[in-house]
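One structure is given below, encoded as structure tokens.
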Amino acid sequence: MSDTPLAPSPAPLSSAPVPPAPAPPAPLLSGPVLSAPLLSAPLLSARIIDWFASSGRALPWREPGFPAWGILVSEFMLQQTPVARVIPRLAEWLERWPTPGALASVPPGEAVRAWANLGYPRRALWLHAAAVTITERHDGVVPQGVDDLLALPGVGDYTARAVSVFAYGHRHPVVDTNTRRVIARAIDGNQEPAPPSNSRDLAAMDRLLPESVEDARVFNAGAMELGAIVCTARAPKCGECPIADACAWRLAGYPAYEGKRKAVQKKYEGSDRHVRGLIMAELRAAHVPVTRAEIDSLWPDAVQRERALAGLVADGLAVNAETGYVLP
DNA sequence: AACACGTGGCG
DNA sequence: TCGCCAAGTGT
């Protein structure tokens, strides 16, 4: 299946993802990029809401009655970690620590250990610290307001809004990387969004947000879901998209992205992050202090090794005990 | 604003 | 194979 005689191969303008399967659309717009949706906002949101009801995934945190604490934990775990890897860890976590108070009562290192290989272990530390704050300052109840949530460590603008909306049903725009891509394509006619700008992105989402509190919640989730499983970064499935006929990017003929490229992710192999990861894996696995000798055996370059270890200590992820290093 | 920060799966 | 990407946050 290596030869594709049918491939039209029209001079690749860039390395941009090939326009989705059902090749370029029928009528191309000749004019400039649109500044408003072709579909009225209510019509567009209704399409996404209906599509979400029929095609959205049944994820744990979408189950009726899923606790606010569970939503908060899931949002922490989902920061830069794929859904499939989060699901089993989340279940374990909530079984062990069903409330913020339960988590707050154990040392932070326990949270880091249970975080396992989800990546970015500082999130486990932040989640533990958030549980402590919730326990001490909010009577053990996850706060509902965006400002209170924002004050928690590790909770930024996305997570604060997501919890307020998905756990409590408040009406706010929620913008994540998926939503940004959907808006960039469907509304702005661009393959990729411009670099994130909080005020701009929230305003854009706010213009589409249904008035009804319940519709707004579902629309927020639906826009994210659409970006996650249909309007994907690499090979969007426009054939499955509920708003394909109104998509500005599609109607413009899938122009390649022109704007600023997002910084290329630095190579992981051999990086400081790599070394930190090796040390953290060792600390998680050990139930007695990890000796210097053991740490030294993890990575040959002493300078880089020390930098990584010092960084972990500075971040509070490792503690220098009498006989070696331990989780906090 | 640009970068650091883990880990693994997929095309 | 290897670069891109994944429900971001903090500095």
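The values are calculated or read from the model by the stated rules, or taken from the named source; none is laboratory data. Computed from a prediction, not measured in an experiment: that's the story for all the values here. FYI the Cβ positions are ideal-geometry reconstructions off the backbone, even for glycines, and counts take in every protein chain you see. These accessible areas exclude ligands, DNA and RNA; they are computed on the full protein's heavy atoms, side chains included. Shrake-Rupley method; radii C 1.70, N 1.55, O 1.52, S 1.80 Å.
Per residue, how much accessible surface does chain A expose to a 1.4 Å probe? Answer in Å², no decimals. If you can, show how the numbers build up before the last one.
Details: 17120 Å² over 328 residues.
For chain A, the per-residue accessible area is 52 Å².
Note on exposure: A:122, A:89 ranked by accessible area (1.4 Å probe, complete protein assembly) read A:122, A:89, with the most exposed listed first. Per atom type, chain A shows carbon and sulfur on 58% of its accessible surface, probed at 1.4 Å. For the stretch A:175-251, the convex hull spanned by the alpha carbon atoms encloses 85 Å³ per residue.
Rounded to the nearest whole angstrom, the semi-axes of the ellipsoid equivalent to chain A, taken from the Cα gyration tensor as √(5λ), stand at 40, 27, 16, largest first. Taking all protein chains as they are arranged and a probe of 1.4 Å, the heavy atoms of residue A:105 leave approximately 90 Å² accessible to solvent.
Which angle between 0 and 90 degrees, to the nearest 10, do you get for helix A:213-229 versus the longest principal axis of chain A when only C-alpha atoms count? That works out to roughly 90 degrees.
Entry note, the stretch A:68-166: relative contact order of 31 percent, from Cα contacts under 8 Å with a spacing of 6+ residues. Angle between the Cα long axis of helix A:41-55 and the longest principal axis of chain A, 0 to 90 degrees, nearest 10? Roughly 60 degrees between the two axes.
Computed over every Cα-Cα pair of the stretch A:192-328 and binned at 5 Å starting from 0, the pair-distance distribution P(r) comes out as 2, 8, 12, 13, 11, 7, 7, 9, 11, 10, 6, 3, 1, 0 percent. Of A:250, A:273, A:292, the order by accessible heavy-atom surface (1.4 Å probe, DNA, RNA and ligands excluded), from most exposed downward, is A:273, A:292, A:250. In the complete set of protein chains, residue-level accessible area for residue A:52 is approximately 30 Å², probe 1.4 angstrom. Electrostatic tally near residue A:193: other residues with Cβ closer than 14 Å to its Cβ, Lys and Arg +1, Asp and Glu -1, net +2.
Helix A:177-186 and the longest principal axis of the C-alpha atoms of chain A enclose an angle of approximately 10°. Relative to one another, the C-alpha centroids of the stretch A:98-174 and the stretch A:216-255 are positioned 30 Å apart.
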